[in-house]
Amino acid sequence: MSNYTKLKTNLKLAIQRLKLLEKKKTELSLKSRREIADYIQANKADRARIRVEHIIREDNYVEAMEMLEMFCDLLLARFGLIEKMKELDPGLDEAIGTLIWASPRVSNDITEFKLIGDAFCHKYGKKYADACKADTLNNVNEKVKRRLGLEPPPKLLVEQYLIEIAKNFNIPYEPDQSVMLRSGLYDEELISLKDKTNEYRNGGNNNGGAGGGFPAGFEPTSDFSDKAPIGFKPDYNGQSDLIDFNNNLPPLPNSLPYGDLSTIRKGSSPPPSYIKKDVRSRWPI
């Protein structure tokens, strides 16, 4: 039996074992919820939280198993690329890297993963396998890394599990207020910001200007007195008047690329040279 045949067989066996393990752990998790509900009913909240942390880890483990099963299916579907190509195909880099990274973490439950990791190590080299195990190539799936991580679950997630378990079994439960309030700080800040924004839109509070949208004591950061609108000519003596485009045209140069502007008169049409000669010579069709 060739190495490729062994690898293909181990991938198929790994998929079967993953499905069985997912089903088993899901059933155990459902049974553990009944035990946690009994702890809640007996006012043993601390004991229930410890059991919930275990359930969260098991749920994360099941999700990781589902991802690994998907990657095994992908490798079986594209197994021809593994056989025919000497170099690693970029489309298989994440799947292979994730299986190599996960092999020491799940090999106790699924022994085929160790054989799969060794096969890819022999195929693509020990250096590549070590880089995948250390995740220096950034090719390991992020969701699998989070689900198989060793970090304890957040306290807010534990409380949410307890709330849902108590609701499913119709048991009264009062969550930890310190955890729930800490999780709601951001919402309170958003509400405060929204109220302040509405206050400015409505013209400020009692101390602000009427309809200006600025709070009391607002001062502009720059002087707008010298900013004249378009169409006005400042005279720098505190007054400004509208430019008269018929009697007070600004001086223009006598020679420009599009003709001699000295021939322009009030109410006259553009110079003939602009229409007949320059346009045709400068913008050929």
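Computed from the coordinates by the stated procedures, all read-outs in this text should not be read as laboratory data. If you're wondering where the values come from, they're calculated on a predicted model, not measured in any experiment. FYI the Cβ positions are ideal-geometry reconstructions off the backbone, even for glycines, and counts take in every protein chain you see.
Side notes on the structure shown:
- The relative contact order of the stretch 72-122, computed from alpha carbon pairs under 8 Å that lie at least 6 residues apart in sequence, is 27 percent.
- For the cross-link pairs 19/133; 84/133; 44/145; 123/145; 86/143; 25/143, the ones whose C-alpha atoms lie over 21 Å apart are 19/133; 84/133; 44/145; 123/145; 86/143.
- Checking every one of the trypsin sites (Lys or Arg not before Pro) in the stretch 50-83 against DSSP loop status and a limit of 16 other Cβ atoms within 10 Å picks out 78.
- Within the stretch 33-107, GluC sites (Glu not before Pro) in DSSP loop having at most 10 other beta-carbon neighbours inside 10 Å: 87
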